[in-house]
1. Would you check if Ile178 is more than 19 Å from Glu290 (Cβ to Cβ) and either touching a helix residue (DSSP H, G or I) at 6+ places or on another chain (Cβ under 7 Å) or basic (Lys, Arg) (or both)?
2. Would you confirm whether or not region 181-198 contains a residue that is hydrophobic (A, V, I, L, M, F, W, C), assigned to a helix (DSSP H, G or I), within 14 Å of ligand 1 (Cβ to nearest atom) and closer than 16 Å to Phe132 by Cα?
3. Determine if region 315-323 includes at least one residue that is more than 17 Å from the chain's Cα centre (by Cα), closer than 25 Å to Arg420 by Cβ and surrounded by fewer than 22 Cβ atoms within 10 Å (Cβ to Cβ).
4. Quick check on Leu202: is it in contact (Cβ under 8 Å) with a residue 12 or more places away in the chain, in contact with a strand residue (DSSP E or B) (Cβ under 6 Å, 6 or more places away or on another chain) and open to solvent by 30 Å² or more (accessible area, probe 1.4 Å)?
5. Please tell me if Thr253 is over 19 Å from the mean Cα position of the chain (by Cα), in contact (Cβ under 8 Å) with a residue 12 or more places away in the chain and within 16 Å of ligand 1 (Cβ to nearest atom).
6. Return the residue satisfying two criteria in turn: it lies in region 211-225 and is open to solvent by 50 Å² or more (accessible area, probe 1.4 Å) and either more than 10 Å from ligand 1 (Cβ to nearest atom) or assigned to a strand (DSSP E or B) (or both), and of such residues it is farthest from Pro242 (Cα to Cα).
7. Could you count how many residues in region 252-300 are among the charged types (D, E, K, R) and within 16 Å of ligand 2 (Cβ to nearest atom)?
8. Between a first residue in region 399-421 that is closer than 20 Å to Thr232 by Cα and a second residue that is assigned to a helix (DSSP H, G or I), which pairs have beta carbons less than 6 Å apart while being 6 or more apart in sequence or on different chains?
Amino acid sequence: MKVLLIGGGGREHALAWKLVQSARVDKLWVAPGNGGIAGETTVNGEPVECLPIGADDLPELAKFAREHQPELTVVGPDNPLAMGIVDLFKEHGLRIWGPNKEAAQFEASKVFAQDFMARHGIPTAKAGTFDFATAAKAFAMELNGRCVVKADGLALGKGVLICKSVEESEAAIDSVMIDREFGDAGNQVVIQEFLEGVEVSLHVLCDGRTAILFPTSQDHKRALDGDKGLNTGGMGTYSPAPFLSEEELQAVTRTVVDPWLTGCRAEGIDFCGMLYPGLMLTADGPRVLEFNARWGDPETQVYLMRLETDLVDLFEACIDRRLAEMDVHWKPEAAVCVVMASGGYPGSYEKSLPISGIEEAEAMEGVKVFHAGTEMDDDKLVTSGGRVLGVTALGETLLAARNTAYAAVEKIKFEGSHVRGDIAAKALED
Ligand code: AMP
Ligand code: GLY
């Protein structure tokens, strides 16, 4: 079948890599793709084709799909989902995987998600949602300023401000609601109490009727070792994460996933896609910090290294609402992904720097290098983004996977490259 994949980051490279392993895929287009995606081939040796169409360019994407009739379209990033790409493709009779515009609000509107959790008794932080700065400040004051101020809308992952004092919370509310630092995304805010604990990522594949919980994983969002430095898109992941036992995971299913799905059905929200709750494991139990309505990046990289089930089969079962019939199989091995970032990321950084050593890294057993910010400059691979590569390894144990991933990182060079040295380290303590 012919498949169209939307997006061009590390997550999409992992999705493309897994999709072309399916004997069912004989043509894969990726819009816009990246330097690594362009190097993949289908089982029949057909090269993956990257298209010069941006992931947010809905009219051009729909035009391409109408002309070329992919039998399946898969959406990676949040933005096209929030813009309603699924609704648009369906209007044209095209088969597409991902939540529709209404369901994508779980990520696109933090106010929607927070109010939904309140309506359905899903454990979350003590929180309020506000249209006006004065009311928001009064609530932040009740929390003694120890709170997290979140702009309602999508803000490139930057609209979340952690505050430790009343002064900081007032400044944060002003910057979002009065100075409008994140534009219309700050028309409303969510204010949550600041929670302490270990953060884990959940992934729940859902067809609107059945929800399948993936194994646990953990991201490392801060730029520097020891969770210091600025927030990033994610500097590295691993799976499984040992902080939730099998029983605790079952409990999360009962307290988070079941009421979420029941709530969606009761409200007529048809969620067909991936729900990715960010969870804080607090002393009082797991609390949902946020919902995303897509695969995590770089969580996808470790999940797809471990997934045994054909990904096309999974997407199709989701679209056809047959998830209840599916068995999802995972490799027992652990996977670790270490992100190699441009020097200076998440601040400003240089681009177009040549990259070497990827072949040597991939010659190592169990290693796959997923590209995020790379492109081809003539026949040279160069950097083109903040997160450049996700060097991912599978191993018998988490320690083995981690050692292999870091050994592979050693082989890859580009000027100014930066990695965190402590990916998965906490999971290996004691
Ligand atoms: P979000 O986009 O809502 O997940 O927030 C981004 C990051 O901010 C999360 O991954 C957490 O590290 C942190 N964060 C969000 N909400 C809270 C909270 N209520 N307490 C502590 N940290 C939080
Ligand atoms: N892993 C962070 C994100 O995908 O938002």
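1. Details: more than 19 Å from Glu290 (Cβ to Cβ): yes; either touching a helix residue (DSSP H, G or I) at 6+ places or on another chain (Cβ under 7 Å) or basic (Lys, Arg) (or both): yes.
The answer is yes for Ile178.
2. Yes: one or more hits.
3. For region 315-323, residues more than 17 Å from the chain's Cα centre (by Cα), closer than 25 Å to Arg420 by Cβ and surrounded by fewer than 22 Cβ atoms within 10 Å (Cβ to Cβ): absent.
4. no
5. no
6. Going through the qualifying residues, I end up with Leu224.
7. Result for region 252-300: 4.
8. Val419/Val409; Arg420/Asp225; Gly421/Asp225
The values are calculated or read from the model by the stated rules, or taken from the named source; none is laboratory data. It should be emphasised that the depicted structure is a prediction, and the values quoted were computed from it without experimental measurement. We place every Cβ from the backbone using ideal geometry, glycine too, and count neighbours over all the protein chains shown. SASA here: full protein model, heavy atoms, side chains in, ligands and nucleic acids out. Shrake-Rupley method; radii C 1.70, N 1.55, O 1.52, S 1.80 Å.
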